[in-house]
1. May I ask you to evaluate 6.51 cos²θ - 1.76 cosθ + 1.60, the Karplus curve with θ = phi - 60°, for each residue of the range 232-245 and list the ³J(HN,Hα) values in order in whole Hz, giving x for glycine and proline?
2. Taking 35 Å as R0, compute the FRET efficiency from the Cβ-Cβ separation of Gln150 and Glu120 and round it to 0.05.
3. Please list, in order along the range 154-164, the HN-Hα scalar couplings obtained from phi with the Karplus expression 6.51 cos²θ - 1.76 cosθ + 1.60 (θ = phi - 60°), rounded to whole Hz, x for Gly and Pro.
4. For Lys81, enumerate residues with amide H under 5 Å from its amide H, sequence gap 5+ or separate chain, H modeled in the peptide plane.
5. Enumerate the amide H contacts of Asn87 below 5 Å, restricted to partners 5 or more residues apart or on another chain; note that Pro and chain-start residues carry no placed amide H.
6. For the range 235-390, what Kirkwood radius comes out of the mean inverse Cα-Cα distance, in Å?
7. When the C-alpha atoms of the range 88-145 are aligned to their principal axes, what extent does each axis show, in angstrom, from largest down?
8. Output the DSSP H helices from the chain with an along-axis C-alpha extent of no less than 15 Å and a mean Kyte-Doolittle hydropathy no less than 0.0.
Amino acid sequence: MNTESAFHLPSQKAPTLLDSRSANERDILTLIRQRSSLPKAEIAQLTGLSAQSATVIIKKLEADGLVRRLKPIKGGVGQPKVPFGLNENGAFGIGLKVGRRSFDMTLLDLKGNVRATLHEKFAYPTVSNLLTFAKRAFNVLIKNLDTDQQRLIRGLGVAMPFEIWSWAEEAGAPKNELEEWREFNPQAALEDLLSLPVFIKNDAGAACSAEMSFGNSQNYNSFLYIFVGTFLGGGLVLNNQLVNGKTGNAGAIGSLPFYNGSTQSQLITQSSLYLLERKLNDAGHNGQHIYESPSHWSCDTRSIEDWLSETARGLAFATQCAMSLLDLDGVIIDGAIPDDVKNALVAHTQSAMETLDMRGLAQVHISEGLVGRKAQSIGSANLALQANYY
């Protein structure tokens, strides 16, 4: 087997950082991102830097185009405070999401705004289709930037399921078609194709990274992140740091063993979207509708309700496991599903938690993810920006 496969993180080549920043610069950029804007005095106080050191660093970041002065805040004693915010045109990241039903490429600016995105659907992913899409989509997306801005692209982030070949049956794909992924090195192939550093992360881990950066409405310091996509996935944040694990699969709740009352199998076969697709097809409806219209489902409500109940049982089990092992602040649930379905899934999961024996464990706080169904795409585009600046 190819030991340089992107599915085994320790063997990956460390991507080149095109604009790597010092620890103090990263701390300040992270604070500004989290708070939207901050004046120099507060930055010095929050970082523990002296006023002079904070001023020197902020001036450098401003000169480099990464932060900019905002409108002064009047009121109080003395001169108006001048807050600093991120400069949306200071740097850009490109993201490629490799899904089991679609590809997405996204252009993200430094403030986390999506500047442009392209989407392509398919029955199952192939290597040749990936490379064709990547080249075409990249050429289209960079047209949204002028020549100077194109030089500020810091890399390509790739969010993809690791060991994609392991679930051919569940994905409804020919096994030989998915086997070619086993020997494929996406990092090397995409760096050669696009002449950019390439950062690879598990798809659910990338989505978790997006929620940590741009969501997390409850400000949890430590949380389990659950993403309900074609296949169930998850991520883990401890003390405000994304946990990767030895092979990049920390938080991979889809692989948890789950007993459904009659048989034991992986949780991925209990709480994934492909199961709703099958339910709809078996009921004589178009199962593909849930992927074609991810913002609003107009399909059989009974099938959706049955799927919600079954999925929630699995998510409640994963929550119980996480709370037992890690004593987290909370759990965030998101997915490639409409907002009303996500709201219902959170409510069903909370109800399912009431049937579990949680003695000896802290009260569980479950909330909805804010980034939404494009979390994997946004997370992939944020990987290069995170690597350089945060």
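1. In residue order, the calculated couplings are 5, x, x, x, 9, 10, 10, 6, 6, 10, 5, 8, 8, x Hz.
2. 0.95
3. Here the 3J(HN,Hα) series is 9, x, 10, x, 10, 10, 8, x, 6, 6, 4 Hz.
4. Ile73
5. Val67, Arg68
6. 17.0 Å
7. Each principal axis gives a Cα extent; for the range 88-145 these are 37, 18, 13 Å.
8. For the chain, where a helix must reach 15 Å along its axis and average at least 0.0, the hits are 51-63, 127-141, 203-214, 301-326, 375-389.
The values are calculated or read from the model by the stated rules, or taken from the named source; none is laboratory data. Predicted, not measured: the structure shown is a model, and the values here were computed from it. FYI the Cβ positions are ideal-geometry reconstructions off the backbone, even for glycines, and counts take in every protein chain you see. These area figures cover heavy atoms from the full protein model, side chains too; ligands, DNA and RNA do not enter into them. Shrake-Rupley method; radii C 1.70, N 1.55, O 1.52, S 1.80 Å.
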